[in-house]
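Taking it in order: structure first as structure tokens, then the write-up.
The values are calculated or read from the model by the stated rules, or taken from the named source; none is laboratory data. Note that the structure is predicted; figures quoted are calculated from it, not measured. In this analysis, Cβ positions are derived from the backbone assuming ideal geometry, glycine residues included, and neighbour counts consider all displayed protein chains. Each accessible area value is taken on the protein alone, full model and side chains, heavy atoms only, with ligands, DNA and RNA left out. Shrake-Rupley method; radii C 1.70, N 1.55, O 1.52, S 1.80 Å.
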Amino acid sequence: QVQLVESGGGLVQAGGSLRVSCAASGRTFSSYAMGWFRQTPGKEREFVAFISWSGGSIHYADSVKGRFTISRDNAKNMVYLQMNNLKPEDTALYYCAAKGSLYAFDLASTYDYWGQGTQVTVSS
């Protein structure tokens, strides 16, 4: 069982930066691959970034590539999403999620555990 709690969201101007964090409970955190997703009202949850157990495999959605960086610290049971050059279209509720496999990392339905989300709002 893994419990996830996101933090670090907030209001930022376009072009600014923000780092959201995800704290995980459970002794087996290092055996889970982690992903970040985002969702706006009326839309499906959208894949943002993925990192494997060791951090050796990382993937990004095309819309955030070059601007966002995912990382993890297994000693601290933490996953981070550094977001730079933010745009108004990045405004969403950001979720972290954990999965026990590496396949279909961009599909929300393949993740086993989810946090409650943290709101990121980018003003123009």
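Results, tabulated for the structure shown:
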read-out	value
Selection from 9, 61, 105, by position along the positive dipole direction of the chain (Cβ)	9
³J(HN,Hα) computed for each position of segment 20-33 - Karplus, 6.51 cos²θ - 1.76 cosθ + 1.60, integer Hz, glycine/proline x	9, 10, 9, 9, 10, 9, x, 6, 9, 3, 5, 8, 10, 7
In order through segment 101-107: 3J(HN,Hα) via Karplus (6.51 cos²θ - 1.76 cosθ + 1.60), integer Hz, x for Gly, Pro	9, 9, 6, 6, 5, 9, 9
For segment 5-124, with +1 on Lys and Arg beta carbons and -1 on Asp and Glu, the positive-most of 80, 94, 116 along the dipole	80
Simple Cβ-charge dipole of the chain, Lys/Arg +1 and Asp/Glu -1, about Cα centre, in debye nearest 20	220
For residue 19, distant residues with modelled amide H under 5 Å away	83
In the chain, lysine pairs closer than 24 Å at Cα, eight or more apart or cross-chain	6
Phi to ³J(HN,Hα) by Karplus 6.51 cos²θ - 1.76 cosθ + 1.60 over segment 47-62, Hz, x for Gly, Pro	5, 10, 7, 9, 9, 6, 3, 9, x, x, 10, 9, 9, 10, 5, 4
Residues of segment 100-124 with amide N under 16 Å of the 7 Å Cα→Cβ point at residue 44	104-111
R0 of 30 Å, Cβ-Cβ distance residue 116-residue 62: FRET efficiency to nearest 0.05	0.65
Rounded percent of accessible protein surface that carbon and sulfur make up, the chain, 1.4 Å probe	48
Spherically averaged projected area of the chain from its Cα convex hull (nm²)	6.8
Extension gain from residue 124 to residue 106, taking 0.36 nm per residue of separation minus the Cα-Cα distance	3.7 nm
